[in-house]
Each structure stands twice: as C-alpha cells, then as structure tokens.
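One structure below.
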Amino acid sequence: MSPDYQLYFSRLCQGLYKQREFWQANAFREPNLSWQAENQALSTALLSLDEEGLAQLENDVASLAKYLSPYISDLDELLSIAGYIETCPAKLPELANEMRFFPSHIPGRKWQQIRYFHQAAPAKAERLVDWCCGKGHLGRFLALTESCQVLGLEWDQSLVDAGNELANSLTAGELSIVPCDVLDAAAGEWLAAGDHIFALHACGDLHRRMLQLAGQQQLAAVSFAPCCYQKISADQHSFLSSAAEKTELALRRQDLHTIVQETVTAPKAVQNKRILLQQWRLGFDALQRDIRGIDAYFSTPSLPQSSLQLGFEGFCRLLADKRQLLLPAEVDWKHYQALGLKRFNDARRLDLARLVFRRSLELAVVLDQLLYLQDNGFAVELLQFCPKHLSPRNLLINAWRD
Ligand SMILES: C[S@@+](CC[C@H](N)C(=O)[O-])C[C@H]1O[C@@H](n2cnc3c(N)ncnc32)[C@H](O)[C@@H]1O
C-alpha cells in the first residue's frame, strides 16, 4: 500500500503549528523566549545541562527527542512521521570493473551521494537532464551507466567548460552541458516533452523553479534531492500544493534556515574561533540593548574570524560603527563580555527546543512539493536515498507519469 503522504503532511502541519512557539524562537537572538514562562520545568532542565549532557543531545537526534518528549506534548507523534519515510538499501551494488577510474575527479562524499542517488532514482526517459549540474558528475555517471543522452544545465561558465572537458572521456552515452540560468524565463526552452530531470542538491529557488516547470511542461519524470531551502528571494516560504491551502502553518526564511542547521564539525581550532565570535556577538547584543534602551534584536553584518584580533572592545566598536550606533564614553567591557559568554551558554541549551523540529520542518516543506507534483498528474514517492553521514540532505522525491 502506498504511503498516505497527504495524511503525513496534514499531521505535520497541525503538530508544527501547535508547537510553533518552540521552533520560531531563536535563543541566539532573544535572551528570553516566549515559551519559557509556560514551560519552566523544561527551561530549568535545559539550562542545568552539563557540557557532556549538552554535547550528547546536540549530536544525537534520537537522544534529544527522548529527552524533550516529556516536556513537549505530541512531540513523539510528530517526530514519528520521519520514521515512515522509506530508507534505501544501505549497501551499494558492486561497481563494474571498467568504472573503477570514473570517480577520480569527484570528491569522495559527492561520489557516494551520486551512487546512492542513482540507485534510488531509476531513469525513466531516453533523455535525462542534470539540473544545476556543476561539473556534471551526476550527469556523466548517468550518461555512462544508462548509455543515454544527458543535458546539463549550469550557469557558471567555468563549471560548464570543466564539465564538458570531463564529458569528452565518456565511452558510452553523451553529456552536453550548456550555460543556462535556470531562473531565467527562457530556461524552460531547454526542456523537451518526455525528459526526466535529475537534480541533486539544487538550492531553494533552483529546485522550486524546476518544480514550477515540471508543473507546466509534459516531462516524463523528475527526481530531486532538495537542499538549502532558505536560499529563496522571498522572505516567506510559499507552499505549493492544494493540500497546503488548508494549513495555518507559515514559515519564514529563518525557519527554513533552521532545517539545515547542523552541529558544526569543523576542526577544533576553527570551532573555537566560531564560538568566540558568537559569544562576542551576544556580548555586543547585550550592550546595544542597554545603549538603545530597546530590548530587541538588532541585526549586524557578520564579521570574519580575523576580527577576533581586535579584542572584544575593538570588535564591538567595529559592529557599532557598521550600524552607526554611538557608544558612550564609558563602557564596562568586561561586564558585556561576561554577559556574552553567559548568553552563549544559555542559548546553546535553550536552542535544543528549536532544533528538535528540524526534520519535521523539512518534511513539511518536502511533502508539500511532492503533493504539488501529485496535483500535476505525477505518481510520487519519497525516499531517504543515502545515509545521513554522507549528506544530511538525504530526502529524494521521485515523480513520474504512469
Ligand atoms: C549545490 S551545487 C550542486 C551541483 C551538483 N548538482 C552536485 O550535486 O554536485 C548547485 C549548483 O547550482 C549552480 N547554480 C546556482 N545558481 C544557478 C542558476 N541560477 N542557474 C543555473 N545553475 C545555478 C551552481 O553554480 C552550482 O553548480
């Protein structure tokens, strides 16, 4: 029996709408979150987490869900929907002997993603299109394995040239990459009725554009793994499917950003610098609230890690200068630096109540896209195409005309 995607979507919308106070509140922007007053037990529990407990919850989604479920009603039910999404086989088929040199130009994790993507998305047309293809690694692999014609669309001329150069070595199939801005009104002219579009990790507006064209043109199929949902020109997310017409759920661009927020896995030295930057920004935030006499977030441009050389005072002076904020002659810099550190430690803990909703928010966005394709006459399926350690953006929609 095929999964009831519409039911999953409506449950997600209801659950997320009900619990919106938790995922809309960003502890790195606001020192006091609206949910804290009514959820004091949760607030106290999070704020008293020691470093070890905090690190474990930050790095393990299942532990985080278990920890938070006694405090947030219906959380278990909401999170259980992710468990209904089919997972592709963890093992890849053996690679044919003649293919052993194929991945030499492809970064390791990208190569694995391509292989999993290919395993999960069977080609359903004579001509395939690699949407926002970069150097066309996916397209080249498809051309070779399917012995077919592939068109790559990419706007960066240097990637187009490098990709076409690599495609010259193909011993079967054909890949031709053309320079094309897929957001341009004329982009649809590159597509032909009966094409199957593949899009691996095309960001926000880029995959939304593909969906729009899929709704307008007689394509045979689309297979895509969305990423960077927040990369959209609009401030507000717009749902696409008819099922979404009934929902009260509304997502801002910053909520889309929440979806892709991962625990940082950079080297320790880089991580420490990032942490210090965040602490100083929060120290500046405390200072600006006092100076302006307005207890509200004040957006400031991001500064590079090299700005740490300025020291906390110099860093704050630079930010104040950038936002034309006049600083008083006397500032207790030590006080604000200490406040920044305290706010950072609290924010990391309180933010867990937002981060636990990441996958649910992602599924709401992706299921709406799937239902939109269904509205437009496609048969659809949603899969997790690769293990999370290869890419956290591992959801894949296959849509085809029966
Ligand atoms: C995240 S990369 C994915 C590349 C490739 N699909 C992969 O998985 O390796 C997104 C690609 O989209 C391209 N791109 C960005 N904006 C574009 C646009 N408006 N039209 C066409 N390509 C675009 C970028 O240059 C980049 O190669």
I need two numbers for segment 282-326: Rg to one decimal and Dmax as a whole number, Cα atoms only, in Å. 10.3, 30
Which ³J(HN,Hα) values, rounded to whole Hz and listed in residue order, are derived for segment 274-291 from phi using the Karplus coefficients 6.51, -1.76 and 1.60 in 6.51 cos²θ - 1.76 cosθ + 1.60 with θ = phi - 60°, glycine and proline given as x? 4, 4, 4, 4, 5, 4, 5, 4, 5, x, 5, 4, 4, 5, 5, 5, 5, 5
Bridge orientation stat for the chain from DSSP, antiparallel percent rounded to 5, came to 30 percent
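May I ask for the Rg/Rh ratio of the chain, computed from Cα atoms with Rh as the Kirkwood radius, given to two decimals? Provide the component values of the computation, followed by the final result.
Working: Rg = 23.7 Å, Rh = 23.5 Å.
Rounded to two decimals, Rg over Rh is 1.01.
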Filtered hits (lysines, Cα-Cα < 25 Å from LYS91, offset >= 8 within chain) -> LYS110, LYS124, LYS388
Any idea what angle helix 204-216 forms with the longest principal axis of the chain, computed on alpha-carbon atoms, 0 to 90 degrees, nearest 10? 40 degrees
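Run through the DSSP bridge list for segment 143-255 and note the antiparallel percent, rounded to the nearest 5.
Values: 1 of 14 bridges.
The answer is about 5 percent antiparallel.
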If you wrap a convex hull around the alpha carbons of segment 40-160, what volume per residue comes out, as a whole number of Å³? 198 Å³
Report P(r) for segment 268-352: all Cα-Cα distances, bin width 5 Å, range 0 to the bin holding the largest distance, values in whole percent. 3, 14, 26, 28, 19, 8, 2, 0
Quick check: Cα centre of segment 1-61 to Cα centre of segment 162-193, how many Å? 42 Å
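By how many nm would the segment from TYR71 to GLU245 grow when fully extended, if each residue of separation counts as 0.36 nm and the alpha-carbon distance is taken off?
Working: separation 174, 0.36 × 174 = 62.64 nm, distance 3.06 nm.
Full-extension gain reported as 59.6 nm.
Coordinate-derived values only; no laboratory data. Quantities reported herein were computed from a predicted structural model and do not represent experimental measurements.
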